[in-house]
Amino acid sequence: MKGIRRLRGSFDGRGRTFALAVSDFNEALTRQLLDGAVDTLLRHRVRPADITVAHVPGAFELPLAVRRLIRRARPDAVIALAVVIRGQTRHFDQVVQESARGLREIALAEDVPVLLGIVPAENAAQAIERCGIKQMNKGREWALAALEASDVLRRIQGSPRLSR
């Protein structure tokens, strides 16, 4: 392990900008994810003025909103938030898969980390548990991942030479 160069991201958000795209479908749940993500960013020294939130009707609209946010604001990272519950829609798998695929493609094309913050749930109870109405809030986890990913990519970009 001696001589290995390691690059790790920091959770200190000072000087970085973030965008969030959030689905208004299942809004009581996505609001919890959004609140958790924004609270986490603020606790890690991101200024309120450096956070942009765009609301879209549903998960399927997230990729286009994320692409526009990246092109207009050039944030250091984007978090896409949605809750899709099986049973509320017959096309559950298609919505989740295509939204995830679109977000991945945008991240690669635009060279900006895009956090896949979609909660695919089998039922409302499972969704409630993952959105933090009781305990766990995935929005917090995704915000931490956005902080770390954006910083490590900045370090990679700024590193004069990664190989010897």
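Between the beta carbons of ALA125 and HIS55, assuming R0 = 22 Å, the FRET efficiency works out to 0.30 to the nearest 0.05.
Restricting to Cα atoms and excluding each atom paired with itself, what does the Kirkwood estimate give for the range 18-152 in Å? Let's see the in-between values first.
Numbers: mean 1/r = 0.0690 Å⁻¹.
After inverting the pairwise mean of 1/r, the radius is 14.5 Å.
Note on LEU42 and GLU98: the extension gain reaches 17.1 nm, defined as 0.36 nm multiplied by sequence separation minus the Cα-Cα distance.
What is the helix-to-structure angle for 138-158, meaning the angle in degrees between its Cα long axis and the longest Cα principal axis of the chain, kept from 0 to 90 and rounded to the nearest 10? Computed tilt is about 30 degrees.
For the chain, the antiparallel share of DSSP beta bridges with both residues in that region comes to about 5%. Summed over qualifying helices (DSSP H, 4 residues or more, each -39500 (n - 2.57)) and divided by its residue number, the chain shows a 222 nm mean residue ellipticity of -15000 deg cm²/dmol. A simple spin-label model places pseudo-atoms 7 Å from Cα toward Cβ; at ARG72 and ARG8 they are separated by 3.7 nm. Would you mind checking the tilt of helix 27-43 against the longest principal axis of the Cα atoms of the chain, expressed as 0 to 90 degrees and rounded to 10? The two axes meet at around 20 degrees. Mean separation of Cα pairs under 8 Å and 6 or more residues apart, divided by the residue count, gives the range 1-72 a relative contact order of 42 percent. The trypsin sites (Lys or Arg not before Pro) of the range 1-91 that meet both conditions, a loop assignment by DSSP and at most 15 other Cβ atoms within 10 Å of the site Cβ, are LYS2, ARG5, ARG6, ARG8, ARG14, ARG45, ARG90. If you fit an axis through the alpha-carbon atoms of helix 62-73 and take the longest principal axis of the Cα set of the chain, what angle between them do you get, 0 to 90°, nearest 10? For 62-73 against the chain, the angle is about 40 degrees.
No value in this document is a laboratory result; all are computed from the given coordinates. Quick caveat, the model's predicted, so the values are computed rather than measured. For neighbour counting, all protein chains shown are included, and Cβ atoms are generated from backbone atoms with ideal geometry for every residue, glycine included.
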